[in-house]
Amino acid sequence: MKKVKLGLAVALALAGTACSNLERSRDLANPNVPPAVTAMQVCSICHGVTGNPVSPIFPRLAGQQRDYLVAQLEQFRSHHRADPAGFEYMFGLSRNLTDAQIQGLADYFTKQVPLPGAPGDPALMAAGKEIFEKGVPEKATPPCVACHGPKGEGVATFPRLAYQYADYLSKQMHVFRETEGRPNTPMTQVAHGLSSTQVEAVAAYLQAFPTQK
Amino acid sequence: MRNIGAALRGRLGAGGVSLALLLLAMAPYEAQALPAFARQTGQNCVACHAGGQFPELTPYGRMFKLTGYTIGTRVVPLSVMGVAGYAKVADTSKSDNPASDFYKNGVPLLASGSVFIAGKLTDNIGAFSQITYDNYANLATDNQYAGHTQADNMDFRYADRFIDGNRDIVFGVSLNNNPSVSDPWNTAAAWMQYVPTPSPASHQFIDGKSPFPGFGSGGNLAGLSAYLFWNQTLYAELGSYRTSKGALSFMSAGLNGASTTQLNGSNNPYWRLALSHEWGPHNLMVGTSGMIAHVYDANSDITDPNDLGRFKNVGVDAQYQYILDPHTVTVQMAYTRQTQDYSANTIANGPVDANGNPLVFVDANGNPLAPVNPSDTTNIFRAKLSYVYQARYGGSVALFNRTGTSNTLNQNSGYDPVFGVTSDPTGALGATALSTRVTGNFSGNPGTRGYTYEAFWMPVQYVRAGVQYTAYSKYNGASDNYDGFGRNARDNNTLFLYVWGAY
């Protein structure tokens, strides 16, 4: 037991020195860690170094609207965005970030170049394109382009949708439609006007977002 | 289930069920109310553990580990874990002392608990260390068990990550006490077996006690390894182990001299090479690992070079994961080939009984058995398929198969020259070669094969309740009469229920 205590004492002494290595730190509570370092050391593990993640569990951040990224990180930090992916992964990571760090992270990812996702079933994508451009008039659902822009590029706090993973988009639409996880957004109203098949269609279209007109 | 539940409540008023309920009550549905690592990152278990089933890691969990447990915020690095279990062996009749051979059969028990000191210490240094209290660690002569606390898995590491747009290199050093405990994949020997296994004899045939690919040296050692993970594709690790003594004796704390593995010197190398690839929600690893260990027969005596034996293990393993909420699918495969060169004294002395006395078996016709082989080869293969839905409901099926060379050295049951096969429990016969029931090996062959089926439920993310059924088609080299007393492999089939919680 004496040896265990000794080991513990050594460990605690080491901890006490609190060596920090700002250029390659993974500390999420140190306001001095530059945002680009956090983006590389931590965010990149799921979202990719260039904001283009390998796994569709994680949203593509590359080229995302800066204001949208800032707003989301702030809402994770304040727990106002509480969809499952939000609280499971992002509450903790964002809890100690400073405003400056949040803005720096947003700057980092907004500058990256988004890569297109894989195309899905052509018929499904065609149906999605229709909704994206024209909405669902019989349900008074407005077209996506109205807020997210003709290229799905987003503006300010309206996010970029083009090339976003279909799985992520579809899950978020269900969050808007069926939960209170992301309150205070027009999407709650919009999502109610879409069936699950329509959600799938528009998500498939946005993931590939073919540019031919 | 109702009867078991009632029995659990009856037997464990302040035990396993209470522990589980306490854990349930203690924790609100919030990310902060989790074991140490989750408190450090503020994330849910599913971020690092595939489908929430610890300890199996996600790609992110592997990076968390390889970067030295340093992501997040420094918090109090303490966690606790407890296990309550219930096991029932299919047939307990073929034993002259079932109360001892299957102690606590069909009885719910509070099996073990662990304290973890785990987490970020500095920007580059982190720890995962486990100290376990086993409620049934030691069996006394009066057939009563006594609890015991000892060092369990320990991994202290220094890590750094060099990453930019063109490269991603994680480099680290791990000081640990169990070969492969430093590994981030769950087909590594230290991590493939995961449900804690209670000690009482009733639990000796549960999945956790069936053959797993591993290293002949076992744990409670002291080792240093260096590793590199290049572009999240190539993983290489090289290390060496020695006896945990002196300043490193805390790595086998709680073990007495006779229980501490004694290695010869520091030249007991361990290596690991793995290729990893991720595409979409899929990831695949294919790897190899191995170790050469020089181990003394008697832990308390390292003076006689003729007591020194050698293990060589070489293995291949692979793991595939599909992780996309609500589905988690994992396929695991591991194979290890072990060559054990026995010490000169072991070869000369042949098989011995529990007290170290020579066992002089003969064949059915009274002829002496073949001489001891100086070396044995054992192959262990294990595969497992698991599925988890919503990180809440899961199931798995696993196959294990151990084959190997036969050796009179492995035999602890056989024909006494005068009395035939006997365990002579009362000493009335005066037999010179006493056979072992239930765990006996009549053939000298290690062949053991079977399946394990499991279903589990995680009502909240840090509590898991499971039911396991392990079915044997071969045990100790035979399907039927493997111990010489008529016990068949299928008699060992075991139902195992457990509740496992952590905070």
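The values are calculated or read from the model by the stated rules, or taken from the named source; none is laboratory data. All figures in this text were calculated on a predicted structure; none of them were measured in a lab. Here Cβ is always computed from backbone atoms with ideal geometry, including for glycine, and neighbour counts include all displayed protein chains. In case anyone asks, the SASA skips ligands and DNA or RNA and just uses the protein heavy atoms, side chains included. Shrake-Rupley method; radii C 1.70, N 1.55, O 1.52, S 1.80 Å.
With a 10 Å cut-off between alpha carbons and a GNM built on chain A, which of A:Ala29, A:Ala71, A:Ala166 moves the most?
A:Ala29
When a/c is below 1.5 the answer is rounded, else prolate if a/b is larger than b/c, else oblate, so apply that to region B:167-263 with a ≥ b ≥ c taken from the square roots of the Cα gyration tensor eigenvalues.
Numbers: a/c = 2.91, a/b = 1.34, b/c = 2.17.
Note, shape of region B:167-263 comes out oblate.
Can you give me the C-alpha center-to-center distance between region A:175-213 and region B:422-436, rounded to a whole angstrom?
First find each Cα centre; the distance between them is then 77 Å.
Set the Förster radius R0 to 22 Å, insert the Cβ-Cβ distance between A:Glu133 and B:Glu278 as r into 1/(1 + (r/R0)^6), and round the FRET efficiency to 0.05. Walk me through the numbers on the way to the answer.
Numbers: r = 34 Å, r/R0 = 1.56.
Plugging the Cβ-Cβ distance into 1/(1 + (r/R0)^6) gives 0.05.
Using Cα-Cα distances under 8 Å and only pairs 6 or more residues apart, what relative contact order does region A:122-208 have, in percent?
Details: 118 pairs, mean separation 35.2, N = 87.
Result for region A:122-208 is 40 percent.
When the accessible area of each residue in region A:64-93 is compared between its chain alone and the complete protein assembly (1.4 Å probe; ligands, DNA and RNA ignored), which residues differ by at least 50 Å², being lower in the assembly?
Listed in order, they are A:Phe87, A:Glu88, A:Tyr89.
If I compute solvent accessible area with a 1.4 Å probe over the protein chains, what percent of it on chain B is carbon and sulfur? Could you put the intermediate results ahead of the total?
Numbers: 11410 of 19520 Å².
Here it works out to 58 percent.
Give me the residues in region B:49-92 whose solvent-accessible area, probe 1.4 Å, is reduced by at least 10 Å² once all protein chains are included instead of the chain isolated.
So the qualifying set is B:Tyr60, B:Met63, B:Thr67, B:Thr70, B:Ile71, B:Gly72, B:Thr73, B:Arg74.
For region A:122-208, with all protein chains present and a 1.4 Å probe, just round the carbon and sulfur fraction of the accessible area to a whole percent. Numbers along the way, then the final one.
On the way: 2560 of 4160 Å².
Carbon and sulfur atoms account for 61 percent of the accessible area of region A:122-208.
Any idea how far apart A:Val113 and B:Ser266 come out in nm if each label point goes 7 Å out from Cα toward Cβ?
So the label points at A:Val113 and B:Ser266 sit 5.0 nm apart.
Calculate, for B:Ala354 and A:Ala126, the FRET efficiency according to 1/(1 + (r/R0)^6) with r their C-beta to C-beta distance and R0 56 Å; round to the nearest 0.05.
On the way: r = 76 Å, r/R0 = 1.35.
Approximately 0.15, to the nearest 0.05.
Compute the distance in nm between two label points, each set 7 Å from the Cα along the Cα-to-Cβ direction, one at A:His79 and one at B:Arg167.
4.3 nm
About its Cα centre, what dipole magnitude does region A:23-110 give when the only charges are +1 on Lys and Arg Cβ and -1 on Asp and Glu Cβ, stated in debye to the nearest 20?
Values: 7 positive and 8 negative charges, 24 e Å.
Computed about the Cα centre, the dipole is about 120 debye.
Give the span of the protein assembly as shown's Cα atoms along each principal axis, as three whole-Å numbers ordered largest to smallest.
Principal extents (largest minus smallest coordinate, Cα): 96, 53, 48 Å.
Over the heavy atoms of A:His47, what accessible area does a 1.4 Å probe trace out, to the nearest 10 Å²?
Around 20 Å² of this residue is reachable by solvent.
In region A:23-110, how does Rg compare with the Kirkwood Rh, expressed as the Rg/Rh ratio over alpha carbon atoms?
On the way: Rg = 11.7 Å, Rh = 12.8 Å.
Rounded to two decimals, Rg over Rh is 0.92.
In the full protein assembly as shown, how much of A:Ser78 is accessible to a 1.4 Å probe, in Å² to the nearest 10?
In the full protein context, A:Ser78 sits at about 60 Å².
What order, most packed first, do the peptides B:174-183, B:195-204 have when packing is the mean number of other Cβ atoms within 10 Å of each residue? Don't jump to the answer; show the numbers that get you there.
Working: B:174-183: 25.7, B:195-204: 22.1.
With the highest mean Cβ count within 10 Å placed first, the list reads B:174-183, B:195-204.
Using a 1.4 angstrom probe on the protein heavy atoms only, could you order B:Ile302, B:Ile131 from most to least accessible area? Working shown, then result.
Numbers: B:Ile302 75, B:Ile131 45 Å².
From most accessible down to least: B:Ile302, B:Ile131.
Counting only protein heavy atoms and rolling a 1.4 Å probe, how much accessible area do A and B lose on contact, total for both sides, in Å² to 100? Before the final figure, lay out each step's value.
Details: alone 11790 and 21270 Å², together 29500 Å².
The buried area between A and B, both sides summed, comes to about 3600 Å².
Please list A:Lys151, B:Lys245 from largest to smallest accessible area, probe radius 1.4 Å, with all protein chains kept in place. Working shown, then result.
Numbers: A:Lys151 145, B:Lys245 105 Å².
Descending accessible area places them as A:Lys151, B:Lys245.
Subtracting the Cα-Cα distance from 0.36 nm times the residue separation, let me have the gained length for B:Ala137 to B:Thr377 in nm, one decimal. Could the numbers behind the result be given before it?
Numbers: separation 240, 0.36 × 240 = 86.40 nm, distance 3.01 nm.
Extra length available between B:Ala137 and B:Thr377 comes to 83.4 nm.
Could you work out how far the C-alpha centroid of region A:71-102 sits from that of region B:329-374, in angstrom?
Answer, in whole Å: 59.
Suppose every Lys and Arg Cβ carries +1 and every Asp and Glu Cβ carries -1, with no other charges. What dipole size does chain B come out with about its Cα centre, to the nearest 20 debye?
Magnitude of the dipole: close to 1060 debye.
Which value, in nm² and rounded to one decimal, describes the direction-averaged projected area of the C-alpha convex hull of chain B? Intermediate results must be reported in sequence, preceding the final value.
Working: hull surface 92.7 nm².
With the hull built on Cα positions only, its mean projection is 23.2 nm².
Whole angstrom only: what separates the Cα centroid of region B:82-156 from the Cα centroid of region B:250-312?
Each part reduced to its Cα centre gives a spacing of 22 Å.
For chain A, find the longest principal axis of its Cα atoms and tell me its angle to the long axis of helix A:99-110, 0 to 90°, nearest 10.
Tilt relative to chain A: about 50 degrees.
Which links in B:Lys120/B:Lys312; B:Lys312/B:Lys474; B:Lys209/B:Lys312; B:Lys245/B:Lys312; A:Lys111/A:Lys151 stretch past 27 Å when you go from one Cα to the other? Provide the component values of the computation, followed by the final result.
Values: B:Lys120/B:Lys312 35 Å; B:Lys312/B:Lys474 25 Å; B:Lys209/B:Lys312 22 Å; B:Lys245/B:Lys312 23 Å; A:Lys111/A:Lys151 17 Å.
Over 27 Å apart, Cα to Cα: B:Lys120/B:Lys312.
With labels modelled as points extended 7 Å from the Cα through the Cβ direction, what inter-label distance (nm, one decimal) is found for A:His174 paired with B:Leu399?
3.3 nm
Can you tell me the order of B:216-224, A:108-116, B:162-170 when each peptide is scored by its average per-residue count of other Cβ atoms within 10 angstrom, highest first?
On the way: B:216-224: 22.0, A:108-116: 17.1, B:162-170: 13.4.
Going from most to least packed, we get B:216-224, A:108-116, B:162-170.
With every protein chain left in place and a probe of 1.4 Å, what is the accessible surface of B:Leu234, to the nearest 10 Å²?
B:Leu234 exposes around 70 Å² with every protein chain in place.
Hey, which aspartates and glutamates would be in cross-link range of B:Lys94, C-alpha to C-alpha under 15 Å, not counting anything within fewer than 8 residues on its own chain?
B:Asp424, B:Asp480, B:Asp483, B:Asp491
When only Cα pairs under 8 Å and 6 or more residues apart are kept, what is the percent relative contact order across chain B?
Values: 1369 pairs, mean separation 66.4, N = 503.
The normalised contact order for chain B reaches 13 percent.
Of the GluC sites (Glu not before Pro) in region A:110-213, which ones lie in a loop per DSSP and count no more than 13 other C-beta atoms within 10 Å?
Values: sites: A:Glu130, A:Glu133, A:Glu138, A:Glu153, A:Glu178, A:Glu180, A:Glu200; in loops: A:Glu153, A:Glu180.
Passing sites in region A:110-213 are A:Glu180.
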